Amino acid sequence: MRILLWLLLVMTVALGTVATTTRSILLHDVDQRVGRLLAQETQEFASFVDNGVDPRTGRPFTRSGPLLREFLERQHADSDEELLGLTDRVIRQNRDIPSPLPLWKDAASLDRIRDSARATGTLDRSEGRVRWAKVTVERGGGTRPGVFVVAFHTDREREAANDMFRVLLAISGVALVMTTGIGWVVAGRILAPVRLVRTLAAQLTEQDLTRRIPVHGRDDISALAETFNAMLDRLERAFGAQRQFVDDAGHELRTPITIVRGHLELMGTATESAAEREETVRLVTDELDRMSRIVEDLLLLAKAERPDFVSPEPVQLAELTADVFVKARTLGDRLWELDQVAEGAVLLDPQRITQAMVQLAQNAVQHTAPGGTVRIGSRSRDGLVELYVADSGPGVPERDAEVIFERFRRGSARRGSRGSGAGLGLSIVKAIAEGHHGRVALGATEGGGATFTLLLPREPARPEPPLGAP
């Protein structure tokens, strides 16, 4: 409505200005034309005074009366024009004037013209406006000098201009009515996506963030819809990560909490020995440690949804590989080997990559026997950086290759045989790889075993801006 009102205001001012300007131009044109006519008539009379000859005598006129009469007989006046001669009486052309009070009948106005010191002027009478001009004749033949008067009744000319003004106002009114209808429809179509955004925003809840605005065209409204949809995508991911964190935490923490509660309830019985009490404390401590590790892993996975999860910086790949090898070989009594090492600098988050590689090494330790071989290395090819951990364990069955990277999922053959992990380790590795806009791959080791490889771009793509950022 405000858009339409502003449009109507601008249109009204514009059309009113056009109509008023047109009327002013037409009235100015009337004044110009009447002024030229008055000047032409007075010049012709002045020329006749200087050069005119009385046809009865063949000599110049000696009296103003015959001079004025002879000139008037030779003239053809316009319909709104009066040509008069003033001596002791009024000399006029024998013709009707479309005016309620012709000038030759208006003695008071003729006296004002005769007595005026000006050669031209305007009479504003109740019967209509009259533009006039006069020429005084200094000839004998009367008690008062002769005066030639040319008068033009401008009412009809001015009324024609006013009629045009009224026609323009009527056309402007019709145009405003049409503009109102068209403007209402156009404004509604333009603002329809905005109303859709408002309606959709009112319908969104934390449980349903799946609705999106259809995008059509490439204008500013389409850009608004795309921005709103992108915001909904980020919100959906954020709420999804929050719900998954809550679900995962509740699922995994329920078992150790139950175990701790059960042992603590039995701990106070009278029949419990000191050894049993000590064993209960040990079990409770182990379960609390396991809960602490689960919480830390869940928090890490929750942070993986944030755009600042990784902070890439230039890192020497050979130095990073060597650091990972040094830290990993303390994880267990295995035959650790530093395999091939890539050279050159790469943009990575060294702390996150080290965390992922150590987790893969820990996974290899859990699934190889003491004395088994674990190889750590890196290579660079096809624009990718590959960091890998290869073990000599039993390998991963094909049916488990897809599920072991999901949260709280363990392979049927490899998971659960050793260790007490919650099934979050490989999920963390996957999250770190995706945080670098890469992925983690699983392959078979030559001679038996599994090889986990981080496939990362040398220059990670620019992360998405945080939610709410400009």
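Between Glu265 and Asp339, the distance separating the two model label sites (each 7 Å from Cα on the Cα→Cβ line) works out to 5.0 nm.
Amide H contacts for Arg92 (H built 1.01 Å from N in the peptide plane; partners 5 or more residues away or on another chain; cut-off under 5 Å): Gly85.
When the solvent-accessible area of the chain is split by element, carbon and sulfur atoms take up 54 percent of it, the probe being 1.4 Å.
Across segment 357-408, Cα-Cα distances exceeding 13 Å account for 66% of all pairs. Rounded to the nearest whole Hz, the Karplus-based 3J(HN,Hα) values (6.51 cos²θ - 1.76 cosθ + 1.60, θ = phi - 60°) of segment 425-432 follow the sequence x, 6, 5, 5, 4, 4, 5, 5, with x at glycine and proline.
Extending 7 Å from Cα along the Cβ direction at Leu101 and again at Met11 yields two label points whose distance is 4.6 nm.
Couplings 3J(HN,Hα) of segment 13-29, computed from phi: 4, 5, 5, x, 5, 4, 5, 5, 5, 4, 4, 4, 5, 5, 5, 5, 5 Hz, in residue order, whole Hz [Karplus 6.51 cos²θ - 1.76 cosθ + 1.60, θ = phi - 60°; x for Gly and Pro]. Residues whose amide H lies under 5 Å from that of Ala444, counting only those 5 or more places away or on a different chain, are Thr451; hydrogens are built 1.01 Å from N in the peptide plane. Please give me the summed charge of the neighbours of Gln316: other residues whose Cβ is under 15 Å from its Cβ, Lys and Arg +1, Asp and Glu -1. For residues surrounding Gln316, the net value is -3.
Sorted on the mean count of surrounding Cβ atoms within 10 Å across their residues, most packed first, peptides 190-198, 39-47 read 39-47, 190-198.
On a 0 to 90 degree scale, rounded to 10, what angle separates helix 317-328 from the longest Cα axis of the chain? Long axis of 317-328 versus the principal axis of the chain: about 40 degrees.
Compute the signed sum of charges (Lys and Arg +1, Asp and Glu -1) over the other residues within less than 12 Å, Cβ to Cβ, of Ala108. Spelling it out: positives minus negatives among the neighbours equals 0. Surface exposure of the chain, expressed per residue as accessible area with a 1.4 Å probe, stands at 57 Å². Between the amide H of Val137 and those of Gly146, Val147, Phe148, distances stay under 5 Å, these residues lying 5 or more places away or on another chain, with hydrogens modeled in the peptide plane. For segment 12-118, the square roots of the Cα gyration tensor eigenvalues, ordered a ≥ b ≥ c, give a/c of at least 1.5 with a/b greater than b/c, which places it in the prolate category. With θ taken as phi - 60° and the Karplus curve 6.51 cos²θ - 1.76 cosθ + 1.60 applied, the whole-hertz 3J(HN,Hα) list for segment 90-104 is 9, 9, 9, 7, 7, 7, 8, 10, x, 9, x, 9, x, 5, 5 Hz, x standing for glycine and proline. Compared with the dominant principal axis of the Cα atoms in the chain, helix 64-74 is inclined by about 60°. Taken along its principal axes, the alpha carbon cloud of the chain reaches lengths of 161, 60, 36 Å, longest axis first.
Across the chain, the relative contact order, built from alpha-carbon pairs under 8 Å that are at least six residues apart, equals 10 percent. Helical content of the chain, expressed as a calculated mean residue ellipticity at 222 nm, amounts to -18000 deg cm²/dmol (DSSP H runs of 4 or more residues, -39,500 (n - 2.57) each, divided by residue number, nearest 500). What does the charge count near Ala187 come to, summing +1 for each Lys or Arg and -1 for each Asp or Glu among other residues with Cβ under 13 Å from its Cβ? That sum, taken over residues with Cβ under 13 Å, equals +3.
Lysine pairs in the chain whose alpha-carbon atoms fall under 26 angstrom of each other, counting only those eight or more residues apart or on distinct chains, come to 4.
Once a ≥ b ≥ c are taken as the square roots of the eigenvalues of the Cα gyration tensor of segment 127-167, is the result rounded (a/c under 1.5), prolate (a/b larger than b/c) or oblate (a/b not larger than b/c)? In terms of gyration-tensor shape, prolate.
Taking the average, over residues, of other Cβ atoms within 10 Å as the packing measure, peptides 65-74, 276-285 rank 65-74, 276-285 from highest down.
The values are calculated or read from the model by the stated rules, or taken from the named source; none is laboratory data. Not measured: the values here are computed from a predicted model. Neighbour counts run over all protein chains shown; Cβ positions are idealised from the backbone, glycine included. Each accessible area value is taken on the protein alone, full model and side chains, heavy atoms only, with ligands, DNA and RNA left out. Shrake-Rupley method; radii C 1.70, N 1.55, O 1.52, S 1.80 Å.
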